[in-house]
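For reference, the structure I am asking about is given below.
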Amino acid sequence: MKPLVVKQLSRTFKGHKVINDLSFSLDRGLIYGFLGPNGSGKTMTIRLIVSLIKMDRGEVFIEGKDLNKNREEALQHIGAIVEDPDLYTYLSGRQNLEHFARMSQKPISEERIEQVIDLVELTNRIDDKVKTYSLGMKQRLGIAVSILHQPSVLILDEPTNGLDPNGIKELRYYLRRLAKQDGVTLLVSSHQLREVEVLCDRAIVIKDGQAVDEFDLRSSATESTYSVYVTASPEADAYTQLAQFGNVEKNENQFVIYDQPYEQIPAIVETLVQQNVRYMRFVTNKVGRALLLVIRVREG
Amino acid sequence: MKGLVINETLKAWHGRRIGLAMMMMSILILFIFIVAIAIDQSFGLLLTTEEFVTIGSVLHIFIMLYSFVLVTGAISGEASTGTIKQLLIKPVSRHRVLLSKWLTNLVISFLLYCFVLALLFAFGLFFPHVVPLSSTFYYLFETALYTTPSLIFYVALATLIAVITKNTAVTIVLTILPYFFADLFVLLAAEYDWASWIVFAHIDVFNNYNPVSLAPAPFPSMWASIGFLLIHIALMLAIAHVIYKRQDVL
């Protein structure tokens, strides 16, 4: 049984069809990236899945439980952070965990609470008021709250928002651990495509409230292409030589060529050297398949 | 349900600072006590326990206002801080979530009122009494009971407005307005036959049905008035629950 199945989900908002016949499903233990341009309906989909907003049409099954018919039973298997890790800042981290533990259908033991505190490494600060926490700590506490009842599906909406690079790295580590050790299926919505490429196993791309693509990020790792940025002189010669490899764009004082396969990069360097074009700057930027897809989706 | 009630109590205590409210009430009672002693000694009024308790019972206005803060904080406060999202993702029905909110805060408000009356009684013991203390205690108990329909009515009204507006300030203002000005409206409408069907005409159960009261009772029997109030309370809460269940959390 798939942990999460979304079937023909639709929702109209202010006369506009925000989610339109959206269908997808998740396989157990994998981390899914949920991609799409701004306004494509990612957050709305997440809110529909966790029943924060009502669907006009469609079905959501969480561990086989129909959200429309058995809301509480379905929600028992899901944990989520929608946008921000909204917690009671006037309570301590532990009081927050105990608060949400009391809302679980299955009793949650003190040991389980200690276990999640250890998992998110908040042992030293758990009895402090949440208002004294950094954003990264709040995010970790939010995850602890979401996994307290041992859900099989965890949904995170823009979890890296506002986190510094170190916080992002830590979060990535916790999420991978959850998927690997506890077999939790994750759906991570993020506009940071590089982050999705690094973290996720698969990706679902939506546009205008419809799923337009789903692909394996692990097997597509080698399908990445590169953008090449070159500052060289004489410029006319540089342009002529670079044009052999694709469309060249002039951007301020540098040339850019997109969509270059990894194996082609030495050939570009060799051509410039052989033709006596002196380059002052040669930078490559890896563009993964997820990023390429979203760029294409955005361009329509 | 027990867990939800504990949660709401915890949030009311820490978030809406019940301890601080109790301290403020105690300071107010102490202030009334000092003023009463000063007046007593300056003018030789010889205040009694019953008189002190009667003067002090005016503090029920503060309890009523604080009950609005408690209920709106629990409902619209959670909507504005965003904590409502995490709350409604949990496997608990929205009915139970809302029920726990207004019920817990209603009970807390009532207990706070009892605390104030008990403190008034304790301070009142410093004054001489002409009627037995048990009668004064019974009077306080009766006052608490007579205030209950009004407290429940306004908590239900605040619940409904908080659910609809999801805004703490708007809810408090919209609940305070009828609390202070409904009597005036009832007075202006008094010359019409339908005035007795205005729900606000039934709220002050104590004065409406007190044998020494000069105001005419809206209904022949107190229980008919209470029944009429209960119908409105049930209706307001039912509407609040239906809206809360269907409401989108954006």
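Values in this text are rule-based calculations from the coordinates and carry no lab data. The model shown is predicted, which means the values in this text are computed figures rather than measured ones. Using ideal geometry, Cβ is built from the backbone for each residue, glycine included, and neighbour counts are taken over all protein chains shown.
Which one is farthest from the other protein chains (Cβ to nearest Cβ), of the residues in the range B:55-83 that are touching a residue at least 60 places away in the same chain (Cβ under 8 Å) and of a type in the set (S, T, N, Q)?
Only one residue fits best here, namely B:S57.
Just for the range A:66-76: of the residues that are at the interface with another protein chain (Cβ under 9 Å from one of its Cβ atoms) and surrounded by fewer than 19 Cβ atoms within 10 Å (Cβ to Cβ), which one is nearest to A:K129 (Cα to Cα)?
Just the residues of the range A:66-76 that are at the interface with another protein chain (Cβ under 9 Å from one of its Cβ atoms), to begin with: A:71-76.
With surrounded by fewer than 19 Cβ atoms within 10 Å (Cβ to Cβ) added as a condition, the list becomes A:71-73.
Values: A:R71: 32, A:E72: 30, A:E73: 32 Å.
Top of the filtered list is A:E72.
Could you tell me whether A:K106 is at the interface with chain B (Cβ under 10 Å from one of its Cβ atoms), charged (D, E, K, R) and over 21 Å from the mean Cα position of the chain (by Cα)?
Numbers: at the interface with chain B (Cβ under 10 Å from one of its Cβ atoms): yes; charged (D, E, K, R): yes; over 21 Å from the mean Cα position of the chain (by Cα): yes.
It is true that A:K106 is at the interface with chain B (Cβ under 10 Å from one of its Cβ atoms), charged (D, E, K, R) and over 21 Å from the mean Cα position of the chain (by Cα).
Identify, from the list B:S93, B:S134, the residue that is within 14 Å of chain A (Cβ to nearest Cβ), among the polar types (S, T, N, Q) and over 18 Å from B:A158 (Cα atoms). Quick ask: steps written out before the conclusion?
Details: B:S134 fails: within 14 Å of chain A (Cβ to nearest Cβ).
Answer to the check: B:S93.
Which residue pairs have Cβ atoms closer than 6 Å, lie 6 or more positions apart in sequence or on different chains, and pair a first residue in the range B:230-245 that is closer than 12 Å to B:T159 by Cα with a second residue that is loosely packed, with under 14 Cβ neighbours inside 10 Å and of a type outside the set (D, E)?
Within 6 Å, the pairs are B:H241/B:H95.
Is it the case that some residue within the range B:2-20 is more than 14 Å from every other protein chain (Cβ to nearest Cβ) and either under 19 Å from A:L91 (Cα atoms) or among the β-branched types (V, I, T) (or both)?
Checked the range B:2-20: no residue is more than 14 Å from every other protein chain (Cβ to nearest Cβ) and either under 19 Å from A:L91 (Cα atoms) or among the β-branched types (V, I, T) (or both).
If A:V120 satisfies every condition in (1) at the interface with chain B (Cβ under 9 Å from one of its Cβ atoms); (2) buried (at least 16 other Cβ atoms within 10 Å of the Cβ) but one, which is the exception?
It is condition (1) that A:V120 fails.
Can you tell me how many residues within the range B:75-113 are among the hydrophobic types (A, V, I, L, M, F, W, C), surrounded by fewer than 20 Cβ atoms within 10 Å (Cβ to Cβ) and either assigned to a loop (DSSP other than H, G, I, E, B) or touching a His at 6+ places or on another chain (Cβ under 6 Å) (or both)?
Adding up the residues that qualify gives 0.
May I ask you to say which residue of A:Q139, A:Q150 is assigned to a helix (DSSP H, G or I) and either surrounded by 14 or more Cβ atoms within 10 Å (Cβ to Cβ) or in contact with a helix residue (DSSP H, G or I) (Cβ under 8 Å, 6 or more places away or on another chain) (or both)? Walk me through how you get there before you give the answer.
Numbers: A:Q150 fails: assigned to a helix (DSSP H, G or I).
Result of the check over A:Q139, A:Q150: A:Q139.
Checking A:E111 against (1) within 12 Å of chain B (Cβ to nearest Cβ); (2) closer than 25 Å to B:V5 by Cβ, which single condition isn't satisfied?
Going through the list (1) within 12 Å of chain B (Cβ to nearest Cβ); (2) closer than 25 Å to B:V5 by Cβ, A:E111 breaks only (1).
Scan A:G79, A:G29 and give me the residue that is surrounded by fewer than 23 Cβ atoms within 10 Å (Cβ to Cβ) and touching a residue at least 40 places away in the same chain (Cβ under 8 Å). Before the answer, list the steps.
On the way: A:G79 fails: surrounded by fewer than 23 Cβ atoms within 10 Å (Cβ to Cβ).
Only one candidate passes the filter, namely A:G29.
Further, regarding this structure: Out of the residues in the range A:154-190 that are within 12 Å of the chain's Cα centre (by Cα) and of a type in the set (D, E), which is surrounded by the most Cβ atoms within 10 Å (Cβ to Cβ)?
A:D157
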